[in-house]
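*Asks:* Below you will find the structure I want to go over with you.
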Amino acid sequence: MLYVIYSEDVSDSLEKRAAARPAHIERLQKLQALGRVLIGGPTPAIDSEDPGAAGMTGSLLVVEFETLEGAKAWADADPYVEAGVYKAVTVKPFKRVF
């Protein structure tokens, strides 16, 4: 089953993101190598591919897990959660139509 993981950053998250990014990306690459990442990436704070100092406001993933509980457990263990980057993380089932 596919799940959307939508995470919202705390204010001024840029430094926290930078510090935790290598571990965050490594973890995502492992899931991607298993063929379980449909799409993923950050949401820039401004309308730009490279928002620079404006930073990001969150992240969006569409990933495959066997259960909602599994997807939530995986999301809860994200290095960005541990580093305090995210103020909220929402995990919901997703039905792909297009």
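*Asks:* For region 79-88, which residues satisfy the criterion of being assigned to a loop (DSSP other than H, G, I, E, B) and farther than 14 Å from Pro42 by Cα? Steps first, answer last, please.
*Replies:* So in region 79-88, the residues assigned to a loop (DSSP other than H, G, I, E, B) come out as 83-85.
Of everything in region 79-88, those that are assigned to a loop (DSSP other than H, G, I, E, B) and farther than 14 Å from Pro42 by Cα turn out to be Ala83, Gly84.
*Asks:* Pairs please, first residue from region 19-35 and surrounded by 10 or more Cβ atoms within 10 Å (Cβ to Cβ), second anywhere and aliphatic (A, V, I, L, M), Cβ atoms under 6 Å, 6+ apart in sequence or on different chains.
*Replies:* Ala20/Ala83; Leu31/Val37
*Asks:* Across region 63-90, what is the number of residues that are closer than 17 Å to His24 by Cα, crowded, with 16+ Cβ neighbours inside 10 Å and not hydroxyl-bearing (Ser, Thr, Tyr)?
*Replies:* Residues meeting the conditions: 10.
*Asks:* Residues of region 9-48 being assigned to a helix (DSSP H, G or I) and closer than 20 Å to Glu64 by Cβ, which ones? Walk me through it before giving the result.
*Replies:* Residues of region 9-48 that are assigned to a helix (DSSP H, G or I), as a first pass: 14-33.
If the condition is that a residue be assigned to a helix (DSSP H, G or I) and closer than 20 Å to Glu64 by Cβ, then His24, Ile25, Glu26, Arg27, Leu28, Gln29, Lys30, Leu31, Gln32, Ala33 are the ones that fit.
*Asks:* Would you point out the residue of region 36-62, among those that are hydroxyl-bearing (Ser, Thr, Tyr) and crowded, with 16+ Cβ neighbours inside 10 Å, that is nearest to Pro93 (Cα to Cα)? Walk me through it before giving the result.
*Replies:* Of the residues in region 36-62, the ones hydroxyl-bearing (Ser, Thr, Tyr) are 43, 48, 57, 59.
Within this subset, residues satisfying the condition of being crowded, with 16+ Cβ neighbours inside 10 Å are 57, 59.
On the way: Thr57: 22, Ser59: 16 Å.
That would be Ser59.
*Asks:* What number of residues within region 49-78 are aliphatic (A, V, I, L, M) and part of a loop (DSSP other than H, G, I, E, B)?
*Replies:* First, the residues of region 49-78 that are aliphatic (A, V, I, L, M): 53-54, 56, 60-63, 68, 71, 73, 75, 77.
Going one step further and asking which of them are part of a loop (DSSP other than H, G, I, E, B), we end up with 77.
The qualifying residues number 1.
Read the figures in this text as sums done on the coordinates, not as results from a lab. These numbers come from a predicted model, not from an experiment. Neighbour counts are summed over all protein chains in view; Cβ atoms, including those assigned to glycine, are modelled from backbone coordinates with ideal geometry.
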